[in-house]
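Participant: I have a structure I would like to understand better, so I am pasting it below and will then ask my questions one at a time.
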Amino acid sequence: ALLEALRALAAQYPDDAAVREQLAKGLFNTLNHAKAEDDLPRRDALLEALRALAAQYPDDAAVREPLAMGLFNTLSDAKAEEDLPRRDALLEALRALAAQYPDEAAVREQLAMGLFNTLSDAKAEDDLPRRDALLEALRALAAQYPDDAAVREQLAKGLFNTLNHAKAEDDLPRRDALLSELNELIARFPDEPISKEIIRRLL
């Protein structure tokens, strides 16, 4: 009922950014509730509504952030639901959104998390070329945004996991190269929580 009231209010006041922001947040929250209630058609319809709202207001970052979070959450759900084509399509949608709005850190953070999660999935799915390509995508994103700690955190996690994979795969030269890269990253940002966590786990 509250969501419908927000939709009606946003339709009545299409130029009111504050109302629109509340609608976007309402769509995102209801999307999460629909997933929790296992109502997947409703969840998917709400994601489409978020997409439509963001397309209607391409200059509104307050709408885009809930969309990016909705794409990431539904991407994670798709993996759990074993719908890998959908997961991959949602990752591509996140890539496209981040490319369209290169200055938006909130969108970029969701993309970085999506890349890391899908990288982890690729290892579990025994798709090592894809895992390596996703690590490269994380590297490129971190290189493009060297001041973005949220992206750097996902890269560090990706390097750490892939280092452990290389060890398990008995690829010691690769393990050593990844360890060297990870050490360089930690040395540049020693005070970040992820750096401290990885140092603790490497000891």
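Participant: So ALA61 clears everything in (1) within 20 Å of GLY114 (Cα to Cα); (2) surrounded by 20 or more Cβ atoms within 10 Å (Cβ to Cβ) except one condition, right? Which one?
Facilitator: With (1) within 20 Å of GLY114 (Cα to Cα); (2) surrounded by 20 or more Cβ atoms within 10 Å (Cβ to Cβ) applied to ALA61, the lone miss is (2).
Participant: Here is a follow-up. Scan the range 33-50 for residues that are buried (at least 16 other Cβ atoms within 10 Å of the Cβ), free of Cβ contacts under 8 Å to residues at least 40 places away in the same chain and charged (D, E, K, R) and jot them down.
Facilitator: The answer is ARG43, ASP44.
Participant: Continuing with the same structure: Given the residues THR74, THR30, which is the only one that is over 30 Å from ASP127 (Cβ atoms), surrounded by 16 or more Cβ atoms within 10 Å (Cβ to Cβ) and of a type in the set (Ser, Thr, Tyr)?
Facilitator: Within the list THR74, THR30, the selection yields THR30.
For (1) among the acidic types (Asp, Glu); (2) farther than 26 Å from ASP103 by Cα; (3) at pLDDT 95 or above, each residue gets a yes or a no:
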{"position": "GLU136", "(1), (2), (3)": "yes, no, yes"}
{"position": "ALA150", "(1), (2), (3)": "no, no, yes"}
{"position": "LEU159", "(1), (2), (3)": "no, no, yes"}
{"position": "LYS167", "(1), (2), (3)": "no, yes, no"}
{"position": "ASP176", "(1), (2), (3)": "yes, yes, yes"}
{"position": "LEU179", "(1), (2), (3)": "no, yes, yes"}
{"position": "ARG200", "(1), (2), (3)": "no, yes, no"}
{"position": "LEU203", "(1), (2), (3)": "no, yes, no"}
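Participant: Ok, one more. Let me spell it out: the conditions are (1) surrounded by fewer than 15 Cβ atoms within 10 Å (Cβ to Cβ); (2) farther than 29 Å from ALA142 by Cα; (3) more than 20 Å from the chain's Cα centre (by Cα), and ARG20 meets all of them except one. Which number is the exception?
Facilitator: The failed condition is (1).
Participant: Another question, if that's okay. Conditions first: (1) assigned to a helix (DSSP H, G or I); (2) more than 14 Å from the chain's Cα centre (by Cα); (3) not hydroxyl-bearing (Ser, Thr, Tyr). PRO146 passes all but one, so which condition is the exception?
Facilitator: Failed condition: (1).
Participant: Going by the conditions given, is LEU111 touching a Gly at 6+ places or on another chain (Cβ under 8 Å), at pLDDT 95 or above, of a type outside the set (Gly, Ala, Ser) and buried (at least 19 other Cβ atoms within 10 Å of the Cβ)?
Facilitator: In short, no.
Participant: With the structure loaded, tell me whether ASP132 is of a type in the set (D, E, K, R) and either exposed (fewer than 14 other Cβ atoms within 10 Å of the Cβ) or part of a loop (DSSP other than H, G, I, E, B) (or both) or whether it fails that test.
Facilitator: no
Participant: If I ask for residues that are acidic (Asp, Glu), in contact with a helix residue (DSSP H, G or I) (Cβ under 7 Å, 6 or more places away or on another chain) and more than 15 Å from ALA150 (Cα to Cα), which ones from the range 164-198 would you list?
Facilitator: Once the filter is applied, which keeps residues that are acidic (Asp, Glu), in contact with a helix residue (DSSP H, G or I) (Cβ under 7 Å, 6 or more places away or on another chain) and more than 15 Å from ALA150 (Cα to Cα), the range 164-198 yields only GLU181.
Participant: I'm trying to understand the selection: among the residues of the range 135-169, which are buried (at least 18 other Cβ atoms within 10 Å of the Cβ) and either in contact (Cβ under 8 Å) with a residue 60 or more places away in the chain or acidic (Asp, Glu) (or both)?
Facilitator: Once the filter is applied, which keeps residues that are buried (at least 18 other Cβ atoms within 10 Å of the Cβ) and either in contact (Cβ under 8 Å) with a residue 60 or more places away in the chain or acidic (Asp, Glu) (or both), the range 135-169 yields only GLU153.
Participant: Just a yes or no: is a residue in the range 100-113 farther than 19 Å from MET69 by Cβ, in a helix (DSSP H, G or I) and polar (S, T, N, Q)?
Facilitator: Checking the range 100-113: not a single residue is farther than 19 Å from MET69 by Cβ, in a helix (DSSP H, G or I) and polar (S, T, N, Q).
Participant: Across the range 170-203, which residue is nearest to ALA140 (Cα to Cα) among those that are charged (D, E, K, R) and in contact (Cβ under 8 Å) with a residue 40 or more places away in the chain?
Facilitator: Checked the range 170-203; the qualifying residue nearest to ALA140 (Cα to Cα) is GLU192.
Participant: Is it true that some residue in the range 41-53 is farther than 19 Å from ALA106 by Cα, among the basic types (Lys, Arg) and in contact with a Leu (Cβ under 7 Å, 6 or more places away or on another chain)?
Facilitator: There is at least one residue in the range 41-53 that is farther than 19 Å from ALA106 by Cα, among the basic types (Lys, Arg) and in contact with a Leu (Cβ under 7 Å, 6 or more places away or on another chain).
Participant: Residues in the range 76-106 that are under 14 Å from LEU40 (Cβ atoms) and either aliphatic (A, V, I, L, M) or in contact with a strand residue (DSSP E or B) (Cβ under 6 Å, 6 or more places away or on another chain) (or both): how many?
Facilitator: 3
The values are calculated or read from the model by the stated rules, or taken from the named source; none is laboratory data. If you're wondering where the values come from, they're calculated on a predicted model, not measured in any experiment. Neighbour counts run over all protein chains shown; Cβ positions are idealised from the backbone, glycine included.
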